[in-house]
1. I'd like the Karplus ³J(HN,Hα) series for region 204-218: coefficients 6.51, -1.76, 1.60, θ = phi - 60°, whole numbers in Hz, and an x wherever there's a Gly or Pro.
2. Non-local amide H neighbours of Leu192 (under 5 Å, H modeled in plane, Pro and chain starts lacking H): which ones?
3. Would you mind computing the Rg to Rh ratio of region 171-307 from its alpha-carbon coordinates, Kirkwood style for Rh?
4. Arg184 to Glu249: FRET efficiency via 1/(1 + (r/R0)^6), r the Cβ-Cβ distance, R0 56 Å, to the nearest 0.05?
5. Taking only protein heavy atoms and a 1.4 Å probe, what accessible area per residue, in Å², does region 202-307 have with all protein chains in place?
6. Please report, as a whole percent, how much of the solvent-accessible surface of region 211-292 comes from carbon and sulfur atoms (probe radius 1.4 Å).
7. Run the simple label-point estimate for Asp309 and Phe333 please: 7 Å along Cα→C-beta, distance reported in nm.
8. When the solvent-accessible surface of protein heavy atoms is calculated with a 1.4 angstrom probe, in what order do Leu345, Leu129 fall, highest first?
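The values are calculated or read from the model by the stated rules, or taken from the named source; none is laboratory data. The structure displayed is predicted, hence computed values, not measured ones. Positions of Cβ are generated from backbone atoms using ideal geometry, with glycine treated the same way; all protein chains shown enter the neighbour counts. Accessible surface areas use protein heavy atoms only, side chains included; no ligands, DNA or RNA. Shrake-Rupley method; radii C 1.70, N 1.55, O 1.52, S 1.80 Å.
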Amino acid sequence: MSPSPPGAGPPGMSPSPRDVPVPCLSAGPPGVSPSPPKPRSPRGVPFPPQAPVPPGCPLPPAMFPSPVSAPVPPGCPLPPAKRRSPGCPPPSAGSPPSAGPPGCVRPPSPGADGPATAGAGLEVRSAGLRRRLPPGWTEALPSETHLVLRGPAAARAWPRAAALRGALRGAAAWSRALPPPGPRRPPPLPLLPGGFATPRPPFFGALPGGVRARRLALGQEHVVALGAAGEVYAWGGGRHGQLGHGTLESELQPRLVEALAGVPMQAVAAGGWHSASVSETGDLYVWGWNESGQLALPSKALAEERAQDEDPGAADAELTPHQEQLAAEDTAFISIQAFPALLDLPQDLEVSKVSCGSRHTAIITRGGELYTWGWGKYGQLGHKDNASSDQPRRIEYLVAEGLRAEEVVCGPWTTYICVLEP
């Protein structure tokens, strides 16, 4: 397992990179990477591989802080023939799944819509190793130690090492029978009938009968759920305000985020120690830890970094009391936002999708543009540098290439997207 990069989270809680099922493209960024180098995309897309990708979406560029991982979102809503990764040409008739330039890996084609179906071919990749999982598993929820797989009749967990060896036929570390599938597609992992899966022991958590969740996101220490009526629940660790209840206290059971009551939500996301939700009208709400600008609110740490970059000697110079007072009055820095805050986006953009990494955030607008912000040390923001930002910035590469973003999934220090060609 790769070591954690320094400063990835609060003291003593740095998440480590995960080995995850990646059925699509791997594209490594220039420069430093939090895990062993992977093949780079022929076009040099600045997104390292790390997190689960919607099955059937050949993506460049992401999710989630271990020890708890977030699920792969439902697949792209358009035929696979229209999806591609920047730099990877469409597969030609009769070409093998892996045909294409170095770094472009294609799985067998899934159905035209939704998650990969049985036999579509999920893979586990770790430190240069690749292992195709047995057919029949439709969804995967990974962590650095275990892998939870969902099939038509059961959900099961195996140690990561067993998945890499292909030894999934023996006794599983955990198993839960599932009812026969109905006419409607079930909610995506980590939701399961009666509760939710976690990719580490005890592997399952029950939901109270009064909570009817249609989406659920797992953070480093907390859980955020989207209710059937668009209400938001949050519970777990709260010492960085990530629950949105206005305190830094933990909650053992799902608790309604009262600040969002009356504002129906369509999506939720949980990062390392921050959370986000998108309303049905396209507004973005954020709360939790803002050390690296992951809430797109003024970050003192980033302001100090920018000042030092502009004037390397400024870090050693002491401010006079008057200068300190002016600096304090000039900017109201936010380290923890314990209540949901409505984020003012450039040009009053409306948001359709949101995903949170360990300390960065990505959104897709209703116009198909991708914006990212937060910690950028490993190129996870996709702006052709490793700078962090507390301001939303558009991914200009996609605009220049005429690509429309359809799905986004953030990993601890990575970002995956599914794009649509014009």
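1. Those phi angles translate into 8, x, 7, 9, x, x, x, 9, 9, 8, 10, 8, 8, 10, 9 Hz.
2. Placed amide hydrogens put Ala197 under 5 Å from Leu192.
3. Across region 171-307, the Cα-based Rg/Rh ratio is 1.02.
4. Result of the calculation: an efficiency of 0.90.
5. 36 Å²
6. 47 percent
7. 1.6 nm
8. Putting Leu345, Leu129 in descending order of accessible area: Leu129, Leu345.
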